[in-house]
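Peer 1: Mind looking over this structure? Questions follow.
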Amino acid sequence: MRFMRYAPITYLAMELVKFDTQAMVNPEISGVDYQQGELWGYEVREYLLEKFGRKCVYCGAKNVPLEIEHIVPKSRGGSNRVSNLTLACHACNQKKGNQTAQEFGHPHVQRLAKLPLKDASAINATRWKVYQTLQSFCLPIEIGTGGRTKYNRARQNYPKTHWLDAVCVGESGQAVFVSPNHHQPLIIKAIGRGNRQMTKPDKYGFPRATRQCKKVYFGFQTGGDIAKAMVTSGKKMGIYVGKVAVRASGKFNITTTTDTIQGINHRFFKMIHKSDGYNYMKGERALLPMPKGRGIRV
Ligand SMILES: [Zn+2]
C-alpha cells in the first residue's frame, strides 16, 4: 500500500525459489519448449553448480570453465535428465570419454547424482508467507525462479544489481526496458518513529526519569520531514529542498543533497513529505547500454 502512493502497481512478479526442480526433473509437465530451450539449460547449469559445489566433480578444480557432463554417457544409454548430469572441467570430461563415472573411478558421483532433489526445502516458510500476503492485494501475481531472473538479466545485458534483478523476475522480466537516464530505484528504509528507547541512561548509568521525546516546532519535526524552503531575501536567498532539523527558536536547518543551510526562518518552509517512519532515497542510476527493441515496463 505504501508503494502505491508513489507508483500505481498493476502487476506483481515474485522470485519464489532458486530453481524450478519440479520442471527440471519432470520435463513432461513443463513442455518441450521449456526443456529444449535456453532457459532450461541455464537453470540446470545453475542447479548443477550449486549441487556440486562449483567445481569439477572429478579433480576438484575450481575457477575453471566447467562443462555439463553425462554421468552415464549418452552413447551408453544415459539420458539428458538432470539426475544424469554433472559438471566437469574440460580435461576430465575428455579423459572420461566413453566411461561411466563409476568406471572412471568416481562411484560417489553416481551416488550423489541419484540423491533426490530437495526442492521443497528451498522454499522457506518466509517466502510462502510473503507470497500469501501479496495475494491479498488482488493483483495478478507471477512466480519466477532465481535461474530465470539471472537468465533474463544476462540476456538483456543489464549489470548485476539488486534492483535490476528485481526488474527481471519471471516471464514478464524477459523483455523489460530500463533507461540509463530516466530510471533509478527509490530506496525505502524503515527508520521507526521517534526514539524507541524509553529512557536513556545518564552519565552515571542510571535511567533518566523521562524519555526524550520528539519535539514539534511550528508543525515541523527533526528526523524524516522533508520540506522546501523558499528564501526570498537576505544572504541565504534561494530555493532549498531537503531534510529539516528544527529548533525552538524557529530557525531551522535544511540539508539538501549538496549541503546544509543553517538558521532559516520557519516561515519560509513548506512541507513536502511528513515523516512516516520511513526514509526515502534515490538509488544509483543504472549505467547500461540502451537495449534495442524491448517493450516498456514500469
Ligand atoms: Zn577436472
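What follows is calculated from the coordinates using simple rules that are stated; it is not laboratory data. As the structure is a computational prediction, the values presented were derived from the model and not from experiment. Here Cβ is always computed from backbone atoms with ideal geometry, including for glycine, and neighbour counts include all displayed protein chains.
Peer 1: Taking every Cα atom in the range 123-173, find the radius of gyration and the maximum pairwise distance Dmax, and write them in Å.
Peer 2: 12.2, 34
Peer 1: Next up: Quote the FRET efficiency, to the nearest 0.05, computed for Thr126 versus Ile9 with a Förster distance R0 of 22 Å and r equal to the Cβ-Cβ distance.
Peer 2: 0.55
Peer 1: How about Lys282: which lysines have a C-alpha closer than 23 Å to its C-alpha, ignoring those fewer than 8 places off in the same chain?
Peer 2: Result set, ordered by chain and number: Lys160, Lys189, Lys228, Lys243, Lys270, Lys274.
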